[in-house]
1. Please compare each pair in 274/569; 274/497; 100/235; 223/531; 175/211 to a cut-off of 29 Å on the Cα-Cα distance and tell me which ones are over it.
2. Label point 7 Å out from residue 148 along Cα-to-Cβ: which residues of segment 83-98 have amide N under 13 Å?
3. Treat each spin label as a single point 7 Å out from the Cα along the C-beta direction, and report the residue 203 to residue 581 distance in nm.
4. Over segment 161-390, what per residue volume does the convex hull of the Cα atoms give, in whole Å³?
5. What does the highest-first list of 577-590, 12-25 look like by mean Cβ count within 10 Å?
6. Can you give the log10 of the normalised intensity I(q)/I(0) at q = 0.15, 0.21, 0.24 Å⁻¹, computed with Debye over equal Cα scatterers of segment 437-548?
7. Taking the Cα-to-Cβ direction at residue 548 and at residue 10 and moving 7 Å from each Cα, how far apart do the two end points lie in nm?
8. How would you classify segment 1-67 from its alpha-carbon gyration tensor, with a ≥ b ≥ c the square roots of the eigenvalues: rounded for a/c under 1.5, else prolate if a/b is greater than b/c, otherwise oblate?
Amino acid sequence: MNIVISTLNSKYIHSSLSIRYLKNYCIDSFNNIKLMEFTINQNSEYITGELFKHAPDVLAFSCYIWNIEKTLEICERLKIVRPQTKIVLGGPEVSFDGDKILKKYDFIDFIIYGEGEETFKELLQYLDEGIENYDNIKGLIFRENKRIIVNSPRPLISNLDMIPSPYEGDLNEFKDKIVYFESSRGCPFNCQFCLSSTIKGVRYFTIDRVKEDLLKLIKAGVKQVKFVDRTFNAKKDYALEIMKFIMAQNVKNINFHFEVTAHLLDDEILDFLKCVPEGLFQFEIGVQSTNDKTLEAISRKTNFDRLSKVVKKIKSYENIHQHLDLIAGLPYEDYSSFKKSFNDVFNLQPDMLQLGFLKLLKGSGLRRESEKYGFKFLDKTPYEVLENNYITYEEMLKLKSIEDLLEKYSNSRSFENSLNYVIKNYYGTPFDFFEDFSSYWEQQKLDSISHSKTSLYKIFYNYYLDRINRNIEIFRELLKYDFLLNNRTSNLLDFMKSDKNIDDKDIVHKFLQNESNVNKYLKEFARIPAKKIINKVHFEVFILDILDFIKNDFDVYKISYKESIMLFKYNEDKKVFKKVEVYDITEEMKKIRGESVGNNK
């Protein structure tokens with residue numbers, strides 16, 4: 001029997017965990033299973049053709065919110081040209097209304113709901129032996145003549161270690177890819193927007209199994225290991241041992257992503273995290289809202305005071321990227337309340353603030369209570385809420401515009417200083433700024449065209465001239481500083497240029513030829529010729545003491561208007577927080593200039 005298991009990933013760099021679980025769970029009985037991964041960006045006809053070439057007797061698809069529509073199209077195409085193929089769907093997107101899907105789409109033969117490993121293997125055995133009575137296969141939905149039969153649910157696998165590792169054999173396919181990984185299944189919380197609330201309790205793989213699989217991925221040279229555990233730190237000692245194990249491997253150029261509950265991170269874990277190498281770990285922290293009534297309605301347990309202290313503490317370490325989430329469209333969260341939630345989280349200064357929009361996933365508690373909260377949504381993927389009893393469609397559109405600018409100007413980290421300066425000096429709250437900026441953006445019809453990374457600097461400058469138009473030179477200097485931090489170039493944008501510059505290139509070379517200067521600022525370039533160092537650094541003149549201004553939290557009353565010369569050193573290694581180091585070399589450059597003038601007399 002020719003068996004193909006497939007899925008459509010959202011990006012090429014991703015890899016599917018579920019289809020590898022299925023294959024390896026069945027491998028002892030069916031050793032001819034082929035995995036075929038595609039992406040949602042590939043042509044449906046091409047994908048159908050590739051599947052057809054393998055002449056599958058059984059074709060199984062792992063279905064998610066992002067791929068279900070295209071998956072159904074491919075299945076229909078294949079069934080037309082190869083009607084003898086048995087098509088099986090599984091995954092979260094078909095687990096809660098599988099009977100309706102079978103009734104609507106007659107080209108689908110079976111649907112597996114819930115955990116799929118045992119059910120899929122049992123179904124393959126029935127098909128291989130020609131048994132056509134499927135009544136005893138738990139977790140299966142099938143068609144009997146024109147009747148749709150939903151069998152009883154299959155109990156969850158209690159001993160997760162009985163599932164073979166999904167990382168066996170040649171793992172070269174994972175090199176430089178994002179690989180999904182789970183050390184547990186289930187979640188201790190009961191958030192009503194999440195599908196994890198449909199499964200009670202948390203089950204864990206043994207720590208030895210986790211370590212064994214992690215070693216395989218480390219040796220394979222993956223780009224990122226993304227833990228899909230809904231609350232990675234639900235069991236403190238278990239999570240701590242995994243993180244310590246990863247640290248002990250002394251890995252390079254691999255990042256480990258965890259979804260954590262911040263208020264559960266105690267002082268012992270925080271002390272440990274202080275020593276984590278920069279960029280090794282990445283935390284995703286779901287805040288969702290800071291409205292107590294909203295949190296109660298969605299059964300979300302959060303101690304925001306503790307969360308705030310933890311986030312600030314970790315931020316002070318400058319070694320772990322923190323990604324905090326908010327969701328617009330939740331019960332009791334009106335526009336004003338969301339503004340507060342936004343400001344509460346933005347003021348924690350996470351490395352990324354993701355503003356998401358509520359999706360009423362099949363099987364979720366909020367979907368079941370959609371009438372109670374007046375949710376209005378299109379019942380097709382991604383099931384996003386358009387409005388509800390508390391927030392209008394017009395207000396949601398406004399938040400969409402703010403979310404776009406948040407991504408471009410805050411989450412990109414390319415405007416950190418100029419953005420903070422504007423918010424602190426001219427707006428009551430961060431939300432006020434983004435709200436005003438989004439209004440300008442729409443008035444200028446900037447939302448109807450695409451923008452290059454560099455064009456965003458000019459747009460921000462034009463906005464400042466239009467809406468604020470004070471202390472223009474200060475803002476220009478901050479934009480120039482941000483531009484040089486994020487763009488390794490000596491070609492400034494026209495509006496950033498001034499008559500203050502280093503005209504004499506010999507002065508730059510003399511600085512780099514001076515042994516004491518190199519030892520003080522550029523130790524790694526000791527005994528390297530200046531002409532080779534010059535491409536690794538940049539010298540720039542500012543009309544104010546830019547570092548002191550930033551240090552004083554952009555207080556315009558404490559600004560020191562004196563010419564300062566900055567040395568930008570661009571780090572070659574893939575650092576997360578200190579990609580560029582900046583030094584004030586004004587005194588050293590003045591000395592060289594003075595010596596040059598003296599020598600010319």
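Laboratory data are not the source of any read-out in this text; all were calculated from the coordinates shown. The model shown is predicted, which means the values in this text are computed figures rather than measured ones. No Cβ is skipped: glycine too gets one built from the backbone with ideal geometry, and neighbour counts run over all protein chains shown.
1. Working: 274/569 25 Å; 274/497 40 Å; 100/235 38 Å; 223/531 34 Å; 175/211 19 Å.
Beyond 29 Å between Cα atoms: 274/497; 100/235; 223/531.
2. 94-98
3. Distance between label points: 5.0 nm.
4. In segment 161-390, the Cα convex hull volume per residue is 130 Å³.
5. Working: 577-590: 15.9, 12-25: 19.7.
Peptide ranking by packing, descending: 12-25, 577-590.
6. Here log10 of I(q) over I(0) equals -0.79, -1.20, -1.39.
7. It works out to 4.7 nm between the two label points.
8. Oblate shape, in that a/c is at least 1.5 and b/c is the bigger or equal ratio.
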